[in-house]
Amino acid sequence: MSGFSAQWLTQREPYDLRARNRTVLDAVAASLKSHRSVRIVDLACGTGSTLRALSPHLPARQNWKLIDNDLDLLARATAVPLANDGAVTAIPLDLNRDLEAALDGAVDLVVTSALLDLVSDTWLDRLAVAMTAHSIPFYAALSYDGRTVFTPADPLDTAIIAAVNAHQLTDKGFGPALGPAAAGFAIAAFEALGYSVVHGTSDWAIGPDDRDLQHEVLSGWADAAHEIGALSLADTTAWLTRRRDAVTAGRSSLVVGHVDFFATPSATR
Ligand SMILES: C[S@@+](CC[C@H](N)C(=O)[O-])C[C@H]1O[C@@H](n2cnc3c(N)ncnc32)[C@H](O)[C@@H]1O
């Protein structure tokens, strides 16, 4: 168990799919257009959200290696059917300990989603160096970037968002996390190693009718703010109650900022 429930990943998947940056996705698809078959490694695949999002945009013959340290999520991900004679292989691996093993063998593309904000600068540098050594392109989607806008505004929104962003910096198993700074850090790291990077925003747009997702996000954020201890329990619960009331009344919407990027080495193998 990783702490990311299949239920949560399933709930967020349609919002992730809608949010994925089209320019970045098109750049990924264009880069592999001439391939007859492609070998893809998905780092921290969860239930296979990236496989489902990306597969229709790639050449028909696909060989996916799905990597995660959560066996339940991996089992769900490998149940995703692939068109034609593609293959999906589950590889249980701790990406903090065994990152380099995940990149072993012939690979045309490494992908990830909703992972980079969990990792440290040291781990991202390690990833960039390992990818460069093999000249592998990298598609990283849906890294949270710290921008959140609640409508209608509440006097405590700014304090809660700051607390959540501080919580994002705690260790999630890869050393002190980069949180909102992760995508910017990764883009700079890959550019410094000679990669060209296409990037753009992939914000969640959560409307008044998306009550279930809003309730889920709000309770997660109240928990994170409480854990960090930047606000009193009374303030956090009062904020949560007001926000929940607005959601129930159909008056609440939310934008959560994310970044997608596609990094291509100067020479792909
Ligand atoms: C936010 S979820 C994203 C899952 C999926 N990529 C998606 O977009 O739905 C983060 C994923 O990272 C995985 N994870 C966390 N720490 C890991 C580690 N040390 N090694 C491998 N996977 C890890 C979790 O099991 C989870 O599936």
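The table below lists the values:
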quantity: Test: residue in region 139-148 that is in contact with a Lys or Arg (Cβ under 6 Å, 6 or more places away or on another chain) and either part of a loop (DSSP other than H, G, I, E, B) or β-branched (V, I, T) (or both); calculated: no
quantity: Residues (under 16 Å from G257 (Cβ atoms) and either among the aromatic types (F, W, Y) or in a strand (DSSP E or B) (or both)) located in region 168-193; calculated: F185
quantity: Qualifying residue in region 142-149 (condition: surrounded by fewer than 16 Cβ atoms within 10 Å (Cβ to Cβ) and within 16 Å of the chain's Cα centre (by Cα)); calculated: yes
quantity: Qualifying positions in region 14-72 - free of Cβ contacts under 8 Å to residues at least 24 places away in the same chain, within 16 Å of the ligand (Cβ to nearest atom) and among the hydrophobic types (A, V, I, L, M, F, W, C); calculated: L71
quantity: Every residue from region 35-44 that is touching a Lys or Arg at 6+ places or on another chain (Cβ under 9 Å), over 13 Å from A106 (Cβ atoms) and buried (at least 17 other Cβ atoms within 10 Å of the Cβ); calculated: D42
quantity: Matching helices (runs of 4 or more DSSP H) fully within region 1-106 where at least 1 residues are over 23 Å from F262 (Cα atoms) and in contact with a Cys (Cβ under 6 Å, 6 or more places away or on another chain); calculated: none
quantity: Residue count, region 150-181 (criterion: exposed (fewer than 15 other Cβ atoms within 10 Å of the Cβ) and within 16 Å of the ligand (Cβ to nearest atom)); calculated: 4
quantity: Condition check for L103: in contact (Cβ under 8 Å) with a residue 24 or more places away in the chain and under 17 Å from the mean Cα position of the chain (by Cα); calculated: no
quantity: Residue under evaluation M131, criteria (1) under 26 Å from G179 (Cβ atoms); (2) within 12 Å of the ligand (Cβ to nearest atom); (3) of a type in the set (A, V, I, L, M), criterion not met; calculated: (2)
quantity: Flag for V259 being farther than 30 Å from S31 by Cα, under 24 Å from the mean Cα position of the chain (by Cα) and β-branched (V, I, T); calculated: no
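Every read-out reported here was derived from the displayed coordinates using simple, explicitly stated rules and does not represent laboratory data. Nothing here was measured: the structure is a model prediction, and the numbers come from that model. So basically every Cβ, Gly included, is an ideal-geometry build from the backbone, and we count neighbours across all protein chains shown.
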